[in-house]
Amino acid sequence: MANMDLYCNNKRCRKRLIASAWITSCSHAFCDEDADQAFFSIQENIICPACNTHLPEKHDIVKVDLNPSEKFKSMVLAGLRPEIIMDVTNRALTFWHYQMYQELQYQKALNKRSCDNLTQAEETYTTEIMKLNALLQKEKRNTEALEKEVENQARHMGELQDQVVQKNRHLQNLMAMNNKLRCNTSTLQPDDGYDATKPKRRHYSLGLQTLRDLRPYDEVLPQNSSGQAQDFVFNPVTPPTRPDERRHFVTKK
Ligand SMILES: [Zn+2]
Ligand SMILES: [Zn+2]
């Protein structure tokens, strides 16, 4: 099983030890690369890279085949007395127990670090979520205010449209009244009674004024030699002094 394997005790290495391992008397295990660098690159004052224990003796460091042959298993403890065999076995089991305990502590430390990081991340994200929620609430309030403003503007637009409709209706009524007054005024005849003390009466329409409307009723058109009226003359002609003489003038229809 993977969790029953040895791992290099150099915390910067942590290589899984599969074929062989360098075992120290201080109960640590190392890979070939770390053993070469720690134990064989120097000649004296050898120390364990994991616990700084001095390892001066020959059997303080041994290389162990992790997949021993059947022949080796048969011969390694052969000839030893049972108590020695049990002592060797007990020490080997103690080493294994220590390695497993050390690995368990290492995994616990990793787990604790992960939990601490997770807690820190949760606190950070909780703070960020609170900030985002506050921002979201603010944006919601702004959106509601804008929607209310749009609603007010729409209501105001509706009121303005109603006013436009009413003013259009009023304008149409005024135009109808104007047309009616124009029709009534066009049927009026000039006053035959003449009063020199009153200002000269002119025939004006009450509606939209045109050149025809602005022309005085007593304006005469000059006649040509055949007696027909010539083109329109803009200059008003002073009416005769007496009403009966005005019948001789031709008025423009
Ligand atoms: Zn290593
Ligand atoms: Zn050690």
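Read-outs: derived from the displayed coordinates by stated rules, not from any lab. Quantities reported herein were computed from a predicted structural model and do not represent experimental measurements. When we count neighbours, we look across all protein chains shown, and the Cβ atoms used for this are built from the backbone with ideal geometry, even at glycine.
Assorted remarks:
- Chain lengthening between Phe40 and Gln137 when straightened (0.36 nm per residue, less Cα-Cα): 28.2 nm
- Low-density loop positions, trypsin sites (Lys or Arg not before Pro), region 7-56 - DSSP coil, at most 13 other Cβ in 10 Å: Lys11, Arg12, Arg14
- Ranking Met86, Ile46, Cys31 by Cα position along the charge dipole of region 23-92, where only Lys, Arg, Asp and Glu carry charges on their C-beta atoms, puts Met86 farthest toward the positive end.
- Dipole of region 94-163, positive direction: furthest Cα of Phe95, Thr127, Gln107, with charges on the beta-carbon: Phe95
- Backbone N under 11 Å from the Thr53 label point (7 Å along Cα→Cβ), restricted to region 94-129: 95
- Pairs exceeding a 26 Å alpha-carbon distance, out of Lys11/Lys71; Lys11/Lys112; Lys15/Lys112; Lys73/Lys108: Lys11/Lys71; Lys73/Lys108.
- Simple point charges give the picture: +1 on the Cβ of Lys and Arg, -1 on the Cβ of Asp and Glu, and for region 2-67 a dipole about the Cα centre of about 280 debye.
- Using only alpha carbons, region 78-162 has a radius of gyration to Kirkwood radius ratio (Rg to Rh) of 1.78.
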